[in-house]
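Peer 1: Could you have a look at this structure, given as structure tokens, before my questions?
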């Protein structure tokens, strides 16, 4: 069986809508139980990330500043802003020009969405990734491994503190990410950002939000992208002549994203195992699948998509991997990093194959034997993390040219 044959969609066809998943009613205690579990995991997660980032410095960097931004429903959320080291002492345009900004003195920007099943996590969880995105190279110093040229992105990194389920189920997290991205695009110059070099990144649930946000911004008529905010017709950039009638996002970096909420997790596990062993075996070594605990995924799913809301799981704003072909026509470049032992790897491969048919660059990388969230605590820092982060930076630098 060839790699292409193994990557063929088995969950859904872009031309045939799969039947919606039937949902059962939840017991009365599920919401309070989800709330208790979520708050407990949030507390433990903050402590875990604190220890993790402290141990592996200088890979984690502190937030430069934080601002509040108002969402479409009147609520305020926080944007955590990380800036290159040459900008942290001052916010002047002169300091921005020290780390490879554009000719206008503006920098690239990575807008980031953290992971956590739409239920847990914090915008500061990805401070190591922020370091990769903001670091710069001393032209007189030794090369780094970020790209063949040995350069870092030298960009501004903005991580979004979107609201979480179960307190705020779908569509609130999606809307927060879309509204925040639009706000940054419309105020790019004030942030010191070149709006032609804006990238989205995310991990797990955040990877889904990054794909969903890029999808929404490619469709001005989308109900999730209000016309009063949509920047498609107003974005200004040093690259406007190249980006006319295209997505305002230059590219997406999605780490092990969830892209299909319609396919039950039990079926996903079967598909993941079949990728390594078409005869139905469990797989060993590199082909072994390591799913997240069932109690955790149930808490994630029932918090974000509670059955009583009767949400359509085929909606591209919920399952962006099932978006119809015509909605992907203006989807930007994408770099997918999948974990080999993750049940979500299959849907990532399928989505990558679909996107290859368009005029965009598609990079799909799989970390062999890695479990979901292989770059995050409580797992120790893996040697493959640096290489995958470097490769993602290299993709963004290509897309910036």
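Peer 1: In region 322-346, how many residues are assigned to a helix (DSSP H, G or I) and modelled with pLDDT of 95 or more?
Peer 2: Here the count works out to 1.
Peer 1: Restricting to region 20-43, give me the number of residues that are within 27 Å of the chain's Cα centre (by Cα) and either in a helix (DSSP H, G or I) or modelled with pLDDT of 65 or more (or both).
Peer 2: Going through region 20-43 one residue at a time, the tally reaches 11.
Peer 1: Condition test on residue 195, is it modelled with pLDDT under 95, over 25 Å from residue 325 (Cβ atoms) and buried (at least 23 other Cβ atoms within 10 Å of the Cβ)?
Peer 2: yes
Peer 1: With respect to residue 296, is the statement that it is in a helix (DSSP H, G or I), modelled with pLDDT of 85 or more, over 23 Å from residue 193 (Cα atoms) and under 21 Å from the mean Cα position of the chain (by Cα) true?
Peer 2: Taking the combined requirement at face value, the residue satisfies it.
Peer 1: Also, I was wondering about something else. Kindly indicate whether any position in region 102-114 is farther than 21 Å from residue 54 by Cα and modelled with pLDDT under 60.
Peer 2: Within region 102-114, one or more residues are farther than 21 Å from residue 54 by Cα and modelled with pLDDT under 60.
Peer 1: Write out, first by first residue and then by second, each pair whose Cβ atoms fall under 6 Å of each other, whose residues are 6+ apart or on separate chains, and whose first residue, in region 39-55, is more than 14 Å from residue 121 (Cα to Cα) while the second is assigned to a helix (DSSP H, G or I).
Peer 2: Matching pairs, first to second residue: 53/127.
Peer 1: Any residue in region 153-173 that is part of a helix (DSSP H, G or I) and either modelled with pLDDT of 95 or more or touching a helix residue (DSSP H, G or I) at 6+ places or on another chain (Cβ under 8 Å) (or both)?
Peer 2: yes
Peer 1: Additional query: How many of the residues in region 366-383 are surrounded by fewer than 16 Cβ atoms within 10 Å (Cβ to Cβ) and closer than 23 Å to residue 347 by Cα?
Peer 2: Summing the residues that are surrounded by fewer than 16 Cβ atoms within 10 Å (Cβ to Cβ) and closer than 23 Å to residue 347 by Cα in region 366-383 gives 2.
Peer 1: Can you tell me which residues in region 356-374 are within 18 Å of residue 200 (Cβ to Cβ) and either modelled with pLDDT under 95 or assigned to a loop (DSSP other than H, G, I, E, B) (or both)?
Peer 2: 358, 360, 361
The values are calculated or read from the model by the stated rules, or taken from the named source; none is laboratory data. Because the structure is a prediction, the values reported are computed rather than measured. Quick reminder, even Gly has a Cβ in these numbers, built from the backbone with ideal geometry, and neighbours come from all protein chains shown.
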